[in-house]
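Step one of this worksheet: look at the structure below.
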Amino acid sequence: MASLTVTSDIDEDPASYVPQCGTVLRQFDHRTQDSGNVSWLVESEGRPLFVKTAGTPQPARGAPTPHLDHTARVGLLRNAIQLARSCTHPALPTLLNVIESPAGPVLVYEAATGELVGVPSERRGDPASPYQRFAHLPAPTPLGLFDTLVDLHVALAAAGWVAGDLYDGCLIVDFETPGLRVVDLDSYRRGAGTNDMGRMFGSTRFMAPEELELGAAVDERTTVHTLARIVWHFATRLTEERSQFCGSNALAQVLATACRSRPDDRHASVADFGRAWFAARQA
Ligand SMILES: Nc1ncnc2c1ncn2[C@@H]1O[C@H](COP(=O)(O)OP(=O)(O)OP(=O)(O)O)[C@@H](O)[C@H]1O
Ligand SMILES: [Mg+2]
C-alpha cells in the first residue's frame, strides 16, 4: 500500500494518490472551505492524519474561483511548513511529513481529536453546535483551554510569528479531555510588517483596527488584540458583557488592555500579555 510516511515525491495528483494511502474519513474542499485548498482526514496504517494540499491550478468542476490562485495557495502552505518547523507545542498538531507533488507540497499532519469551534454563521445559534457548547463550558474549563491558546502564542511569538487569520475556525476542542488544538496558521507572518491588503484575512469579530487599514503596522500587538478578542467573545458566553465573563476582575482588566484600539495602549508584546494573563490567572 502507498504510504504517507515515505519522503519520495508523488508523480500524480494528490487527489488520486491520497485515497490509496488509507481510509478517507472526510474530504475538505470548496464545499466547506473558501481557501481553494483540498485536504483529507485519512486513517493510514491505523493512524489518523490530516493531509493538506493547495488543490489543483484549475478549480474543480462547479467550484467557485478561490480568492487566492494556486501559486499563492502553495506559498501559504510553504509558510505553514516554516511555521511548523520553527515551533513545537502540544497545541500544534505535528507536521509529520511533506511530500512534493506536481501540484505543490502535500502536508501530512497528525490529526487533532475534537470538534471545530467555528461553524457557519447560520449554525451559531444551534445549542448543539461546538460553537455554543464551547461558549457554555462550565468555568474554569474555558480559561484552562485559553491558557493553552495564550501559551502557544507566546511560543510562536518567540519564534517571530505574528498572527493572521486567527479565528474560531482555527480552534479544535476535545470536549472529553478537555483539550485545545490550533490549526490552519498558514497566514501567520514572520516578523512585524504593514497591512498590504486593506482588509486582511480574518473574522471581523476578532480583528484589530490595523488589520483593516492599508499601510498600518501589524505586529505582536495585533496578535495580542486577536487573542484577547477571542477569549472575551467566548468567556463572556458570546454576550461581550462584563457581567457574563467567567474570570476574575484582574483577568477582565488584562483583556480590556489587550483589546484597546491603539496598539500603543495594549501590552507591548505577546510575552508581556502572556505574563499579565498568567499572573491574573493565579491571582
Ligand atoms: N490537524 C488537523 N486535525 C484534524 N482536523 C483538522 C486539522 N487541521 C485542519 N482540520 C480540519 O480541516 C478543516 C480544513 O482545514 P484548514 O482550515 O487548515 O483548511 P483551509 O484550506 O486552510 O481552509 P480555510 O482557510 O478556508 O478555513 C478545518 O476547518 C478543520 O475542521
Ligand atoms: Mg486556511
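Some notes on this structure:
- Against the test of being open to solvent by 10 Å² or more (accessible area, probe 1.4 Å), in contact (Cβ under 8 Å) with a residue 24 or more places away in the chain and either more than 14 Å from the chain's Cα centre (by Cα) or under 30 Å from Asp13 (Cα atoms) (or both), the options Leu212, Leu116 yield a single qualifying residue, Leu116.
- Segment 160-201, residues that are assigned to a loop (DSSP other than H, G, I, E, B), in contact with a helix residue (DSSP H, G or I) (Cβ under 7 Å, 6 or more places away or on another chain) and within 11 Å of ligand 1 (Cβ to nearest atom): Tyr167, Val183, Asp184, Leu185, Asp186, Ser187
- Among the residues of segment 250-267, those identified as out of contact with any His (no Cβ under 9 Å at 6 or more places or on another chain) and in a helix (DSSP H, G or I) are Ala250, Leu251, Ala252, Gln253, Leu255, Ala256, Asp264, Asp265.
- Residue in segment 64-87 that is farthest from Tyr17 (Cα to Cα), counting only those that are away from ligand 2 (no atom under 16 Å from the Cβ) and part of a loop (DSSP other than H, G, I, E, B): Cys87
- Within segment 138-153, the presence of at least one residue that is away from ligand 1 (no atom under 16 Å from the Cβ) and free of Cβ contacts under 8 Å to residues at least 24 places away in the same chain is confirmed.
- Yes/no for Gln58 being free of Cβ contacts under 8 Å to residues at least 24 places away in the same chain, surrounded by 14 or more Cβ atoms within 10 Å (Cβ to Cβ) and at negative phi: no
- Residue count for segment 27-55, restricted to those that are within 14 Å of ligand 2 (Cβ to nearest atom) and touching a residue at least 24 places away in the same chain (Cβ under 8 Å): 12.
- Flag if Tyr188 is within 16 Å of ligand 2 (Cβ to nearest atom), among the hydroxyl-bearing types (Ser, Thr, Tyr) and surrounded by 21 or more Cβ atoms within 10 Å (Cβ to Cβ): yes
- Residue match in segment 75-82 (condition: buried (at least 17 other Cβ atoms within 10 Å of the Cβ), within 14 Å of ligand 1 (Cβ to nearest atom) and over 18 Å from Phe28 (Cα atoms)): yes
- Boolean, Val270 is under 18 Å from the mean Cα position of the chain (by Cα), crowded, with 23+ Cβ neighbours inside 10 Å, over 28 Å from Gly125 (Cα atoms) and at pLDDT 95 or above: yes
- Qualifying residue in segment 103-121 (condition: in contact with a Phe, Trp or Tyr (Cβ under 9 Å, 6 or more places away or on another chain), among the charged types (D, E, K, R) and more than 16 Å from ligand 2 (Cβ to nearest atom)): yes
- Val119 passes every criterion in (1) in contact with a His (Cβ under 9 Å, 6 or more places away or on another chain); (2) assigned by TED's automatic domain parsing to the domain that holds Phe175; (3) not small (Gly, Ala, Ser) apart from (1).
- With respect to the stated conditions, Thr204 fails to be polar (S, T, N, Q) and surrounded by 13 or more Cβ atoms within 10 Å (Cβ to Cβ).
- Flag for Pro90 being outside the structural domain of Glu210 (by TED's automatic domain parsing), open to solvent by 40 Å² or more (accessible area, probe 1.4 Å), outside any helix (DSSP H, G or I) and modelled with pLDDT under 95: no
- Note on segment 109-137: residues that are in a strand (DSSP E or B), in contact with a Ser or Thr (Cβ under 8 Å, 6 or more places away or on another chain) and among the hydrophobic types (A, V, I, L, M, F, W, C) amount to 0.
- Scanning segment 27-37 for residues that are within 8 Å of ligand 1 (Cβ to nearest atom) and either under 16 Å from Val106 (Cα atoms) or basic (Lys, Arg) (or both) returns Phe28, Ser35, Gly36, Asn37.
The values are calculated or read from the model by the stated rules, or taken from the named source; none is laboratory data. Please read all numbers here as calculations on a predicted model, not as lab measurements. Cβ atoms come from the backbone with ideal geometry, glycine included; neighbour counts cover every protein chain shown. Just the protein is used for accessible areas: all its heavy atoms, side chains included, with ligands, DNA and RNA removed. Shrake-Rupley method; radii C 1.70, N 1.55, O 1.52, S 1.80 Å.
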